[in-house]
Every structure is written in structure tokens, then in C-alpha cells.
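Student: Here it is, the structure in full.
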Amino acid sequence: MENQAITIYVVCDEVLQIIGYHDDPQAVMSTAEVITFSILAGKLCGGNHKRARWLCRKVNYFPKILSESRLNRRLHKVPVLAWIAIFRFLALIFKESNSSCEYAVDSFPVASCAKARIDRRKFFKGTEFVGYAPSKKRHFCGVKVHMVVTIAGKPVELSIRPASQNDLGTLWTMELDLPKGAKLYADGAYNSYDLEDILEEDSQIYLLARRKHPNSRRKRCVEAERLIASRRQIVETAFSCITRMLPRSICARTGHGFLIRVVSAILAYSMDCLV
């Protein structure tokens, strides 16, 4: 575990140097150490900062560690650009190592509160944050994590959107910075002939979504549908690994704090893929 903690810190520190981020000279913990702490908390303690702080002090991972409240304030001050840069740095490594050029896309829900407390929620108060999870057959309040992974389950694209936004609408807005000739496997929710044509003509990316109905205009043989169904299962495996790092109920007082715990769990999974 010590080697993994060192790897996480080295990656965070290098990325912050690349984007030109500098800490205050009087800072007791650097921003790289603060982000490392958050990722370790997501990996080892389900995002519980109090327990993670005790563990880090026990094994002496940091020379000096801030109090729980101060760590929380420092995490809220980390710019969004830093989180995005770390994810994209890892995604670049994963894309370069993916020789098959096969990817899968899907989304999974992350609830901020129980269904019975939707009317009393403290953050994510807009109606756009109330959505429906078909896999769980229930409504929830929170966000959806849309992700593209390699055929080995390594994340390369990420988008966190309100729960009510559908999968296809999010895919239209994602960058999809994939190599030419890439095959993107998806389920029936991503069926769009227009998007398939645009991706193929502009980026030479082939969107292979499962057909919802056998009488679709662009039919495929049974073997092709089975191949798509088997290939896209890797994204479900990745989601299972990420959700295992998240607690059943994420304890957060603000929407920003909630998203920090979600992103920390995603980065913890990406770091596991790297190691």
C-alpha cells in the first residue's frame, strides 16, 4: 500500500507542476498531498476523512497532516482544473497502452440522499437532479457518472451530470478524444443514427450501440449483437469497482463536497488500474 500511496502522490505532484499550480510557501501540506489524502480516503475508507486521517497518521504517510476541518477546507479550495488534469493525465496513459482501440460507454447513478428525503434535501435542490435509475427501478436524487473505458476497464473519458439528463444527450456533449478507427460499444440507450454518422465521418469513431428493436433500419446479425453485449460488460465491471469504494450513503454538507468524494473514488480506481 505504501508504494501505491507514493505513486498517487508522484502523479498528483507532476500534474500540478505541468499545469503550473503553486502552493503558498506557508502551507503545512502541499496541494498534491491534500489530493493524495482524498484519493487514499476514497480507496481505503469509503471517503471517510476522519478515519482516513487516523490511518494516515498511524502509518505516517505524511510528515505533517492537517486537522480534519482544515483538510476539508483545503480540499474545497483545490481548483476543478487540477482534478480534471489528473484524470486526463491517467486517461492519456491508458489510451496509449490500449492497442485494441476498443472502448465501452455507459453511466451509473450516485444518489445524494434516500428517496424518502428528496423533499428535504440540503443541496442539489433543482429538479434536474431528480432522475430514474432503470437498473434499480427507483427514482433518486443526485448525479449520473458517464464514463468511457478501454476494453481493459481503464477510464479515459468522464462526465458528471445531473440525474435527469439522459445517456444519449450526454454522449453528444462529450469530447470523445479517441484514436481513429476506435470502436465504441454501448447499450440500447445510445442508439442514434445521426450520432453514428457524425462520429464516423468526422472522427472515424464507430459507435456500436445495441439495437432496441429487431426491426431497426440498420439491422445487425445475431453474432454482432452478442459481441457488442459481451464487449460492453467491461464498463459494468468498472462501475462495480468504483461503487464498492463509495459508501452506501455519502456524508457531505455541500454539493461540492459530495462531488469531491465521487471524483476521489474514480481517481482511486484509475490509480489502481495504473499500478
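Student: At most 12 other Cβ atoms within 10 Å plus a DSSP loop assignment makes a site exposed; report the longest stretch of the chain without any exposed trypsin sites (Lys or Arg not before Pro).
Tutor: Between exposed loop sites, the widest span is 1-63.
Student: How high is the relative contact order of segment 76-181, in percent, counting Cα pairs under 8 Å that sit 6 or more residues apart?
Tutor: Once normalised by length, the contact order is 29 percent.
Student: Here's another thing I want to ask about it. Kirkwood hydrodynamic radius, computed over distinct alpha-carbon pairs, for segment 2-78: how many Å, to one decimal?
Tutor: Computed over segment 2-78, the radius equals 12.6 Å.
Student: Tell me, Met1, Met174 in order of fewest to most beta-carbon neighbours within 10 Å?
Tutor: Met1, Met174
Student: If every alpha-carbon in segment 147-273 counts as one equal scatterer, what log10 I(q)/I(0) does Debye give at q = 0.12, 0.15, 0.17 1/Å?
Tutor: -0.53, -0.80, -0.99
Student: If each DSSP helix of 4+ residues adds -39,500 (n - 2.57) and the sum is divided by the residues in the chain, what number results at 222 nm, nearest 500 deg cm²/dmol?
Tutor: That calculation yields -14500 deg cm²/dmol at 222 nm.
Student: Moving on to the next point. Can you tell me the 0 to 90 degree angle between the C-alpha axis of helix 68-77 and the longest principal axis of the chain, rounded to 10?
Tutor: 50 degrees
Student: Label point 7 Å out from Tyr206 along Cα-to-Cβ: which residues of segment 95-125 have amide N under 13 Å?
Tutor: So the set is 101-103.
Student: Oh, and also: What shape does segment 1-146 have by the C-alpha gyration tensor, where a ≥ b ≥ c are the square roots of the eigenvalues, rounded means a/c under 1.5, and otherwise prolate means a/b greater than b/c and oblate the rest?
Tutor: Since a/c reaches 1.5 but b/c is at least a/b, the shape of segment 1-146 is classed as oblate.
Student: Sequence-distant or interchain residues sharing an amide H contact under 5 Å with Phe124, placed H: which?
Tutor: Counting only residues 5 or more places away or on other chains, the set is Gly255.
Student: Over its Cα atoms, what ratio of radius of gyration to 2.2 N^0.38 Å does the chain give?
Tutor: 1.06
Student: For the chain, with only Lys/Arg (+1) and Asp/Glu (-1) charged at the beta-carbon, what is the dipole magnitude about the Cα centre, in debye rounded to 20?
Tutor: 1700 debye
Student: A follow-up question, please. Determine which aspartates and glutamates satisfy two conditions relative to Lys77: a Cα distance under 12 Å, and not lying fewer than 8 residues away in the same chain.
Tutor: Partners found: Asp23.
Student: Okay, moving on. Any idea how far the Cα center of segment 46-84 sits from the one of segment 1-41, in Å?
Tutor: Answer, in whole Å: 10.
Student: Continuing with this model, one more query. Under 20 Å from a point placed 7 Å out from the Cα of Asn48 along the Cα-to-Cβ direction: which residues of segment 114-145 have their backbone N that close?
Tutor: Counting only backbone N, you get 114.
Student: For segment 149-206, which GluC sites (Glu not before Pro) pass both filters: DSSP loop (anything but H, G, I, E, B) and at most 11 other C-beta atoms within 10 Å?
Tutor: Answer in residue order: Glu175.
Student: Projected onto the charge dipole of the chain (+1 at Lys/Arg Cβ, -1 at Asp/Glu Cβ, origin at the Cα centre), which of Ser69, Asn3, Gln165 gives the Cα projection farthest towards the positive end?
Tutor: Ser69
Student: In segment 1-140, with Lys and Arg counted as +1 and Asp and Glu as -1 at Cβ, which of these residues, Ser100, Ala111, Phe89, has the Cα nearest the positive end of the dipole, that is, farthest along it?
Tutor: The residue sitting farthest along the positive end of the dipole is Ala111.
Student: Among Lys154/Lys212; Lys95/Lys219; Lys122/Lys144; Lys43/Lys137, which pairs are too far apart, with a Cα-Cα distance over 23 Å?
Tutor: Check vs 23 Å cut-off fails for Lys154/Lys212; Lys95/Lys219; Lys43/Lys137.
Student: Another question about this same structure. With each pseudo-label sitting 7 Å past Cα toward Cβ, what's the Tyr21-Leu92 distance in nm, one decimal?
Tutor: 1.5 nm
Student: Defining a contact as two alpha carbons under 8 Å apart and six or more residues distant in sequence, what relative contact order in percent does the chain show?
Tutor: In percent, rounded to a whole number, it is 21.
All of the numbers you see were taken from the coordinates with simple rules; none came from a lab. Given the structure is predicted, the values throughout are model-derived calculations rather than measurements. Using ideal geometry, Cβ is built from the backbone for each residue, glycine included, and neighbour counts are taken over all protein chains shown.
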